[in-house]
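Just below is one structure, and these are the notes that go with it.
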Amino acid sequence: MTSARRTARILAAAAALALVPVLAGCGTERAGAGAGDTAPGANGSPPVRGDTSVDGSDASKYRENHAFQSTAELSPADRAKADAEVAKVKAGLAGIAEGRRTTEPRVRAALAGLGYSSGAITTGTFGPHRNTFVLDLGTICVEGSLDGVVNGLVTAEAHGKYLEGTGCVKPVGGH
């Protein structure tokens, strides 16, 4: 997929996402979501990981509206491997991220040079000097970006596959 088509697809998805709450009425207060409720997250405390209750609080609304982006949990062994992959990717891409030299082909070549197969690599462009990448490493996904404008900033994070069935590519949409 060309970067122009991918950028157009991302912009269209962003516009659609902006309209979803308006059209679907998401985030409206639920019955029984009054000030006296004692559901988790309703008292201003941070929500508990895995808490799927809908209680009308801002945190509950956020969880509900973003549930489609949930990822599978990584086992402790996969988490250790994922952290090592993130460190490897950050170190390997640091050199090309500086001085506005990043392009999709250079990112793809650098990741292939780190030993990743071409089928495991997905790249994209966000703005004139920012490139994104996703690595599908089986149960582990590594995604990140290179920003040639901000002192060659390389970001990367690891997570499990998306539960919506889109693999390592973040699903577009929601309820």
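Rule-based calculations on the coordinates, nothing more; no lab input. Remember, it's a predicted structure, so these values are computed and weren't measured experimentally. As a convention, Cβ positions derive from the backbone with ideal geometry for all residues, glycine included, and neighbour counts pool all protein chains shown.
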(request) Go through 130-136, 76-82 and give me the packing order, highest mean Cβ count within 10 Å leading. (result) 130-136, 76-82
(request) Find the Cα radius of gyration of region 73-115, compare it with 2.2 N^0.38 Å by division, and give the number to two decimals. (result) 1.38
(request) Please work out whether region 102-175 counts as rounded, prolate or oblate from its C-alpha gyration tensor, where a ≥ b ≥ c are the square roots of the eigenvalues and a/c under 1.5 means rounded, while otherwise a/b larger than b/c means prolate and anything else oblate? (result) oblate
